[in-house]
Amino acid sequence: MPEMYQSLAGVYDRIQSIDTPAWADYIQQLERKYSRRAGSGDGYKGRPLLLDLGCGTGSFCLEMLDRGYDPIGLDSSPAMLSEAKEKLSRHDRSAAGGADCLFLQQDISKFQLYGTVDLMVCLLDTINHLTRTSQVRRLFRLCRNYLNPGGLLIFDLATDRHLASSLGSGLFYDDQPDYTLFWKNRYQPKEMISRSELVLFLIQTDGSYRRYDEVIVEKYYDSRQIRTWAAEAGLEVAAHLGDMRMTSPGKTNERTFYVLRRPLPIGPVNAHEEKHEG
């Protein structure tokens, strides 16, 4: 993934146009419902320590910083991380009580931490960008290793409907005063691969435009695969939900959410949780 989103970093937030507070609300709702982690967090002054895998330009990390978390953002793109750090430098951290964001350049399928965390997220179909099954399986094993017992890994995946139909083999464009983006998509149903060829014309200080070319590849993964690999890694599937709702996925969903949980140790506490859930 290092070659992806290099030239797009400066305009990424406008291209995506994500309601970050709404995403944060949903993640917190899932955490309240499905987390079984006990005690204070491992972050600054007992804050929950959050790992954002594929953090991009850092918007979600900063939102969660304001909500009482201690975020770590990982991304493989230097350009995206540069945007994140610049955004952090302008962010009002007075409400954070001394906590801060840490941004690190790492491949999320090979990441390393110094200790465990309380919550992990991997958002905006980042896992779809891991086009080799070995990468996803290794990611799940790493997440299990670095999650505190009872902690969650929450991620979303683009559905087959989104990749095959909404994007399909279409041609898209976005024409703005300071940039023009052309996006040609092609879906390969046999491999379940979506390949997007992007051409970005970005205005320069002298009024001219510079051309950048990028290729973004995503792969569809179904529920059976995710459940199998989660079990292999020692993670339990706490929930599989449609779009940003608390209901099961439907055929029209553009994305689905998974909530994976590291099991609690076998013992009285775990027995109590199982009784509570049942």
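The values are calculated or read from the model by the stated rules, or taken from the named source; none is laboratory data. Since this is a predicted model, take the numbers as computed values, not measurements. Cβ sites come from the backbone with ideal geometry, for glycine too, and all protein chains shown count toward neighbours. Surface accessibility is based on the protein's heavy atoms, side chains included, excluding ligands, DNA and RNA. Shrake-Rupley method; radii C 1.70, N 1.55, O 1.52, S 1.80 Å.
Based on this model, can you work out whether Asp13 counts as open to solvent by 30 Å² or more (accessible area, probe 1.4 Å), outside any loop (DSSP other than H, G, I, E, B) and under 22 Å from Gln105 (Cβ atoms)?
On the way: open to solvent by 30 Å² or more (accessible area, probe 1.4 Å): yes; outside any loop (DSSP other than H, G, I, E, B): yes; under 22 Å from Gln105 (Cβ atoms): yes.
When the stated conditions are applied, Asp13 passes them.
What are the residues in region 199-212 that are open to solvent by 40 Å² or more (accessible area, probe 1.4 Å) and touching a residue at least 24 places away in the same chain (Cβ under 8 Å), if any?
Listed by number, the residues that qualify are Leu202, Ile203, Tyr209, Tyr212.
Yes or no: Gln135 assigned to a helix (DSSP H, G or I), surrounded by fewer than 21 Cβ atoms within 10 Å (Cβ to Cβ) and touching a residue at least 60 places away in the same chain (Cβ under 8 Å)?
Values: assigned to a helix (DSSP H, G or I): yes; surrounded by fewer than 21 Cβ atoms within 10 Å (Cβ to Cβ): yes; touching a residue at least 60 places away in the same chain (Cβ under 8 Å): no.
For Gln135, the condition - assigned to a helix (DSSP H, G or I), surrounded by fewer than 21 Cβ atoms within 10 Å (Cβ to Cβ) and touching a residue at least 60 places away in the same chain (Cβ under 8 Å) - is not met.
Take region 60-71 and flag every residue that is surrounded by fewer than 22 Cβ atoms within 10 Å (Cβ to Cβ) and either of a type in the set (S, T, N, Q) or within 27 Å of Val136 (Cβ to Cβ) (or both).
Just the residues of region 60-71 that are surrounded by fewer than 22 Cβ atoms within 10 Å (Cβ to Cβ), to begin with: 63, 66-68.
Listed by number, the list holds a single entry, Glu63.
Filter region 216-243 for residues that are at pLDDT 95 or above and either among the hydroxyl-bearing types (Ser, Thr, Tyr) or part of a loop (DSSP other than H, G, I, E, B) (or both) and give the result.
Those that are at pLDDT 95 or above and either among the hydroxyl-bearing types (Ser, Thr, Tyr) or part of a loop (DSSP other than H, G, I, E, B) (or both): Tyr220, Tyr221, Asp222, Ser223, Thr228, Gly234, Leu235.
Select from region 16-34 the residues that are modelled with pLDDT under 95 and either aromatic (Phe, Trp, Tyr) or assigned to a helix (DSSP H, G or I) (or both) and list them in ascending order.
The answer is Gln16, and nothing else.
Are any residues in region 35-76 part of a helix (DSSP H, G or I) and either of a type in the set (Lys, Arg) or closer than 14 Å to Leu104 by Cα (or both), and if so, which ones?
Once the filter is applied, which keeps residues that are part of a helix (DSSP H, G or I) and either of a type in the set (Lys, Arg) or closer than 14 Å to Leu104 by Cα (or both), region 35-76 yields Lys45, Cys61.
Where residues in region 77-95 are part of a helix (DSSP H, G or I) and basic (Lys, Arg), which of them is most open to solvent (accessible area, probe 1.4 Å)?
Out of the qualifying residues, it is Arg90.
Looking at (1) over 16 Å from the mean Cα position of the chain (by Cα); (2) over 22 Å from Asn145 (Cα atoms); (3) at pLDDT 95 or above, find the lone condition where Arg255 falls short.
The single condition Arg255 does not satisfy is (1).
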